[in-house]
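Contents: one structure, followed by commentary.
Quick note: the coordinates plus some simple rules give every number you see, no bench work behind them. Keep in mind that this is a model prediction, so the values were computed, not measured. Heads up, the Cβs are rebuilt from the backbone with ideal geometry, glycines too, and the neighbour counts pull from every protein chain shown.
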Amino acid sequence: MINTLIYDILIIFIAVSFVAWIAEFLKNNLFPKNIKLINPGLFKIFGKKFINPGFLKGPYLPIYGFGALLIIGISFLEINLFIKLILFFFSNVLIELLSGIILLNFFGIRLWKYNKSDYKGIICLSYSIYFFIASVLFYFFIFPHYNVILNFIKSGFFPYIIIGLYFFFFIDLIIKLRKFL
């Protein structure tokens, strides 16, 4: 039971981190005038510059992986729906706030900056509402199929992709942390 739970957590974390990186990469590179990244990583493919939306070099955004795990954990709670919705909203705000503070204070990196009217440019109401809406959509449309989706990811060649992503994720993380420690 514990091994299965840990395995599920690891799968969800890296899968969501990877899918979120793809989504942010496409958004930032297809609509560059809307970019609010402060320290974007740049890389070239076939001579064209692309913006890497993350803290790490590879294709993963851990903030989304942690957010997904928190939203899934809240989804499993047997509590009033209204309380769940409140928890969805504030958990997203908390993850974004903590991530922004950690990146800024420990690594001297600001990956995003919102309007000055928002809290230190780290969190803002409009993005908090977007993340809340994404959480609600997840809860009502994806969470009911959670086990089917998870079993699909566990089958076929997906476990090898997950292992590969973790291999590069940990190498990437070690290299990045060594620069700051």
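Of note:
- Between Phe31, Phe89, Phe13, the GNM of the chain built on Cα springs shorter than 10 angstrom shows Phe31 fluctuating the most.
- FRET efficiency for Phe168 and Ala23, using Cβ-Cβ distance with R0 set to 25 Å, rounded to 0.05: 0.85
- Choice from Pro53, Pro144, Pro62 showing the highest fluctuation, given a GNM over the chain with Cα pairs closer than 10 Å: Pro144
- GNM top mover of Phe152, Phe169, Phe88 - the chain, alpha-carbon springs below 10 Å: Phe152
- For the chain, complete DSSP H runs whose alpha carbons reach 30 Å or more along their own long axis and whose mean Kyte-Doolittle score is 0.0 or higher are 2-30, 81-107, 158-180.
- Rounded, prolate or oblate (a/c below 1.5 giving rounded, otherwise prolate when a/b exceeds b/c) for the chain by Cα gyration tensor: oblate
- Tensor-based shape of the stretch 52-153 (alpha-carbon gyration tensor, a/c under 1.5 rounded, otherwise prolate or oblate): oblate
- Remark: relative contact order (the stretch 2-157) = 23 percent; criterion is Cα-Cα distance under 8 angstrom and separation of 6 or more residues.
- Total lysine pairs in the chain at Cα distances under 21 Å, for residues eight or more apart or on different chains: 25.
- For Asn80 and Leu30, the difference between the fully extended length at 0.36 nm per residue and the C-alpha to C-alpha distance is 14.0 nm.
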